Amino acid sequence: MNLSQRKGKTYEREIAAKLSKFFNEEIRRTPAQEKWKSRGGDINPRNPKSILSRFFIETKKREAWNILDWYKKAKDDSEIYRTPVVVCSKNQEEDYVFFRLDDFLKILLELDGYQKQKDEIQILPNPQKENS
């Protein structure tokens, strides 16, 4: 395994660990021999009902970015029901996420719907306090 491959695998594990911690669920790096069978991307949740299973996540840790090509590869490799996403970084840089504007708008619409549902929930009075 060359340095570039080792760097890529390490980055996949780092992103999987960040997502695992954030979502409090097991997210793992997909070994290369499983990728072609599962069409699962570089990292995947163990739980098929996870929100992350809706995304095909490709990770790249490179100094020279070719982000559109990476995205097109993720799109070609992903299944139709999974949104292709590229998570990328350079040395000494933050992590970035790249996906289509249409996919971003769909996510915003879902979040907006969730927020509206949350705002519509009325807080009911506590009957025990009313009887005191």
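May I ask you to compute the full-extension gain from Ile107 to Phe23, defined as 0.36 nm times their residue separation minus their alpha-carbon distance, rounded to one decimal in nm?
Contour length minus the Cα-Cα distance gives 28.5 nm.
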Legend entry - Cα-projected label distance for Lys90 with Thr10, points at 7 Å along beta-carbon direction, nm: 1.8 nm
Inset, instruction - Report the relative contact order of segment 3-100, percent, no decimals, based on alpha-carbon pairs under 8 angstrom and at least 6 residues apart. - result: 21 percent
Inset, instruction - Report the antiparallel proportion of the DSSP beta bridges in segment 3-100 as a percent, rounded to a multiple of 5. - result: 50 percent
Legend entry - Sparse-neighbourhood loop sites, trypsin sites (Lys or Arg not before Pro) in segment 55-118 - DSSP loop, at most 16 other Cβ within 10 angstrom: Arg62, Lys90, Arg100
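Any read-out appearing in this document is the output of simple, stated calculations on the displayed coordinates, not a laboratory observation. Bear in mind that the values here come from a model prediction, so they are computed numbers and not experimental data. Please note: Cβ atoms are built from the backbone with ideal geometry, for glycine as well, and neighbour counts cover all protein chains shown.
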